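To start, the structure itself, in structure tokens.
The values are calculated or read from the model by the stated rules, or taken from the named source; none is laboratory data. Nothing here was measured: the structure is a model prediction, and the numbers come from that model. Backbone-built Cβ (ideal geometry, glycine too); neighbour counts: all protein chains shown.
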Amino acid sequence: MAATDINTMKDMARWDPDSRDRLRQAAIDLYGERGFENTTVAEIAKRAGLTERTFFRHFADKREVLFSGSETLQERLVRTVVEAPASLAPLDAVALGLEAIGEVLPERAETSRRRQTIITANAELRERELIKLASLSEALAGALRGRGVEAAAAGLLAEVGIAVFKTAFGRWIAEGEERDFAQVARESIGELKMLTGRVP
């Protein structure tokens, strides 16, 4: 085989459209087997059959493998709340946004369950998750202010919305849960409405 053919094959592997998913899966597998702290980028790339250079083309560091997709999730949440019918109450607009998140979750419930176990076991990753959730809450509050909700109320409702998201996410990844995220989020919002005296 000519050297040019070999180089072409290497280029194809480097630009494999599935490389991001392969790296994510390899990382989650290795973090589960060895622990986050004991896994290197080189090992993740090797497990995925890719190079370290390819890894860093997709992720800033080995932590971001676990949080990639959060920007897409935030964008969908905010856009859904902003575009919700003006006649909807703010909480109902948030409910629509939470349901829409289910359409862009980057992985299945089983993989998300494994990912969450890894995050929970590591203080650095728990801190990173809190930062991501705070950013999500801030973006949601901005979307609510854009709908005319007063700033303090928007901030409060955004925090409530993120609390519902966390509750729904925890239920969605629980062993034995077979419903999709949107259904679980809808149920969680319904419970909130009942607790606050609103009819779902």
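What's the number of the condition ALA141 fails, among (1) part of a loop (DSSP other than H, G, I, E, B); (2) among the small types (Gly, Ala, Ser); (3) modelled with pLDDT of 95 or more?
So the condition that ALA141 fails would be (1).
Pairs under 6 Å by beta carbon, first residue of a type in the set (A, V, I, L, M, F, W, C) in the stretch 77-93, partner modelled with pLDDT under 95, six or more apart or different chains?
Close Cβ pairs (under 6 Å, with a partner that is modelled with pLDDT under 95) amount to LEU77/ILE101.
Among the residues of the stretch 98-131, write down those that are more than 23 Å from ARG22 (Cβ to Cβ), part of a helix (DSSP H, G or I) and not hydroxyl-bearing (Ser, Thr, Tyr).
LEU98, GLU99, ALA100, ILE101, ALA123, GLU124, ARG126, GLU127, GLU129, LEU130, ILE131
Quick check on the stretch 127-140. Is at least one of its residues surrounded by 13 or more Cβ atoms within 10 Å (Cβ to Cβ) and in contact with a Pro (Cβ under 9 Å, 6 or more places away or on another chain)?
no
Hey, can you tell me all the residues within the stretch 144-162 that are surrounded by fewer than 19 Cβ atoms within 10 Å (Cβ to Cβ), in a helix (DSSP H, G or I) and of a type outside the set (A, V, I, L, M, F, W, C)?
Within the stretch 144-162, ARG145, GLY146, GLY155, GLU159 meet the criteria.
How about the stretch 163-185: which of its residues are more than 15 Å from LEU105 (Cα to Cα) and surrounded by 14 or more Cβ atoms within 10 Å (Cβ to Cβ)?
Matches in the stretch 163-185: ALA163, VAL164, THR167, GLU177.
What number of residues within the stretch 16-63 satisfy the criterion of being surrounded by fewer than 16 Cβ atoms within 10 Å (Cβ to Cβ), within 24 Å of LEU130 (Cβ to Cβ) and free of Cβ contacts under 8 Å to residues at least 40 places away in the same chain?
3
Which residue out of GLU159, GLU127, GLU150, GLU103 is in the same structural domain as GLY190 (by TED's automatic domain parsing), of a type in the set (Asp, Glu) and touching a residue at least 60 places away in the same chain (Cβ under 8 Å)?
Checking each option against the conditions leaves just GLU103.
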